[in-house]
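Inspection log for the structure reproduced underneath, given as structure tokens.
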Ligand code: NDP
């Protein structure tokens with residue numbers, strides 16, 4: 001690493017708009033060129049970018065009211081207005097602006113992110129749960145005043161198109177911004193010099209406008225809370241279609257997904273130590289993922305249950321699936337909390353009894369409790385929960401199982417990415433941990 005002139009340092013400091021504290025490390029955190037490509041390098045990144053929107057549209061068309069299956073060949077509309085709608089555009093932009101305004105409301109604690117390469121720690125306002133409660137209450141108010149909230153169902157396709165367009169435009173804007181960002185603000189993984197690759201993976205680590213953190217905002221607000229709004233609109237639609245027949249499966253699914261989103265926002269601070277925040281830059285991958293992929297593919301099971309109301313599960317089946325979902329949620333929450341508590345204070349009363357091994361960085365790695373069972377117990381819980389969501393849809397079609405299948409691939413890939421990073425961070429200690437905890441996600445299997 002190379003020291004930088006003090007004058008440059010202060011200029012860069014002023015770019016952070018005072019939203020940081022901590023001191024510059026002597027090495028000044030210069031970000032080196034990215035040495036190793038992920039996702040198959042520029043070609044892989046290009047193919048992923050080209051295929052993700054296709055998958056989102058495919059899932060929409062392959063699973064409609066008429067039919068839902070991989071062999072189903074729907075008749076695609078050629079009318080532009082079926083895909084793009086100005087009113088929908090306005091609603092979407094209004095929604096993002098509403099969430100941005102809530103993000104800026106000065107309530108909730110200020111949390112510090114993990115130290116950046118230059119020693120600084122960004123500050124974040126933690127008011128996500130408030131935004132969630134206000135959003136759900138606003139949805140209730142709109143329903144009360146008879147606003148047709150089912151527009152989210154009726155114009156799902158234009159909402160999808162607009163969200164994709166917004167995510168692409170945002171990726172372009174943040175990439176342009178990143179080109180003028182100081183070196184220390186770049187993401188270690190997205191500084192290859194290849195435009196396609198850096199655009200995809202994210203060139204700048206934490207793009208900000210003043211104290212407005214674009215990445216944390218996108219990770220937790222418009223798309224994630226939007227997912228809940230879509231689910232709720234689907235419940236309204238299903239109940240309106242069959243008022244005498246409450247959609248129990250859809251209600252249970254929605255409850256579980258709302259709990260999952262509410263949990264993410266209640267424990268919002270935990271996002272600050274995730275790979276997305278500390279390692280990945282903000283580029284197409286996260287912009288598209290947060291704004292288009294999450295709200296329009298994670299709602300697939302709910303959409304299936306609205307369109308296929310004949311999917312009836314016995315009360316016993318529903319209760320069994322709900323219990324499985326709660327088990328998944330419990331593993332997910334307990335393991336994430338255990339690690340967070342340990343990272344915050346290894347001597348805390350809830351984690352002091354756990355065994356851990358030292359590393360050369362001063363941090364320790366847990367080898368008992370949840371993190372002694374497998375190396376990613378939180379992924380295990382998340383996957384069980386994901387599976388439970390699809391089980392509500394029965395077994396008539398494989399398409400509603402897209403989410404757990406895709407999620408398993410994502411988390412297995414993520415486990416390998418994390419292992420490579422931990423090996424680099426902790427060296428010998430990581431190898432020792434892997435020997436003591438041989439399985440990554442599924443005990444005795446993987
Ligand atoms: P983790 O929360 O598993 O974080 C991995 C980090 O934890 C490692 O880099 C290391 O960081 C630390 N760590 C690993 N092993 C140990 C140990 N034995 N003891 C102490 N610390 C350890 O990964 P993610 O950030 O990928 O996931 C966070 C959550 O988000 C998960 O529950 C995941 O399921 C969920 N998720 C959900 C997605 C969705 O689309 N719904 C997408 C991606 C993730 P360090 O040592 O530096 O602290």
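Read the figures in this text as sums done on the coordinates, not as results from a lab. Worth saying up front: this structure is predicted, and the values here are computed from it rather than measured. Backbone-built Cβ (ideal geometry, glycine too); neighbour counts: all protein chains shown.
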Problem set entry | Isotropically averaged projected area of segment 98-139, using the convex hull of Cα atoms (one quarter of hull area), nm² | 3.3 nm²
Exercise. Expressed in whole Å with the largest first, what are the equivalent ellipsoid semi-axes of segment 45-118 derived from the C-alpha gyration tensor as the square root of 5 times each eigenvalue?
Worked result: 37, 21, 13
For this session: Express the relative contact order of segment 328-389 as a whole percentage, based on alpha carbon pairs under 8 Å and six or more residues apart in sequence.
Result: 47 percent
Exercise. Mean projection of the alpha-carbon convex hull of segment 220-366 over all orientations, in nm²?
Worked result: 11.3 nm²
For this session: Find how many whole Å separate the alpha carbon centroid of segment 387-446 from the alpha carbon centroid of segment 298-344.
Result: 17 Å
For this session: Give, as ranges by residue number, the residues of segment 30-50 whose backbone N falls under 18 Å from the point 7 Å along Cα→Cβ of residue 424.
Result: 30-42, 45
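If you wrap a convex hull around the C-alpha atoms of segment 84-227 and split its volume per residue, what is the figure in Å³?
120 Å³
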Exercise. For the chain, what is the per residue volume of the convex hull drawn over the alpha-carbon atoms, in cubic angstrom?
Worked result: 160 Å³
Exercise. Nearest 10 degrees, 0 to 90: what angle lies between the long axis of helix 377-391 and the longest principal axis of the chain (Cα atoms)?
Worked result: 10 degrees
Seminar exercise, completed: Row for segment 261-322, column shape: gyration tensor on C-alpha, a ≥ b ≥ c, rounded if a/c < 1.5 i.e. under 1.5, prolate if a/b over b/c, else oblate; value oblate
Problem set entry | Over segment 235-280 - Rg/Rh using Cα atoms and the Kirkwood inverse-distance radius | 1.28
Seminar exercise, completed: For segment 134-199, inverting the pair-averaged 1/r of distinct alpha-carbon atoms gives a Kirkwood value in Å of 15.2 Å
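Counting residues in segment 376-425 as N, plug N into 2.2 N^0.38 Å and put the Cα Rg over that result.
Here the Cα radius of gyration is 1.38 times the empirical estimate.
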For this session: Using only Cα atoms, find the angle between the long axis of helix 156-179 and the longest principal axis of the chain, and express it within 0 to 90 degrees, rounded to the nearest 10.
Result: 10 degrees
For this session: Return the distance in nm (one decimal) between the two label points of a simple spin-label model at residue 414 and residue 248, each offset 7 Å from Cα along Cα→Cβ.
Result: 3.3 nm
Seminar exercise, completed: The helix 41-62 Cα axis meets the longest alpha-carbon principal axis of the chain at an angle in degrees, between 0 and 90 and rounded to 10, of 20 degrees
Exercise. D for segment 164-307, whole µm²/s, Stokes-Einstein with Kirkwood Rh over alpha-carbon pairs at 25 °C and 0.890 mPa s: what number?
Worked result: 149 µm²/s
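So for segment 302-438, averaging the separation of alpha carbon pairs under 8 Å that are six or more residues apart and normalising by length, what relative contact order in percent results? Show your work: numbers first, answer last.
Working: 130 pairs, mean separation 41.6, N = 137.
That works out to 30 percent.
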For this session: Give the relative contact order (percent, whole number) for the chain; include only Cα pairs under 8 Å separated by 6+ residues.
Result: 17 percent
For this session: Could you tell me which of rounded, prolate or oblate describes segment 192-236, using a ≥ b ≥ c as the square roots of the eigenvalues of the alpha-carbon gyration tensor, with rounded for a/c under 1.5 and, failing that, prolate when a/b is larger than b/c and oblate otherwise?
Result: oblate
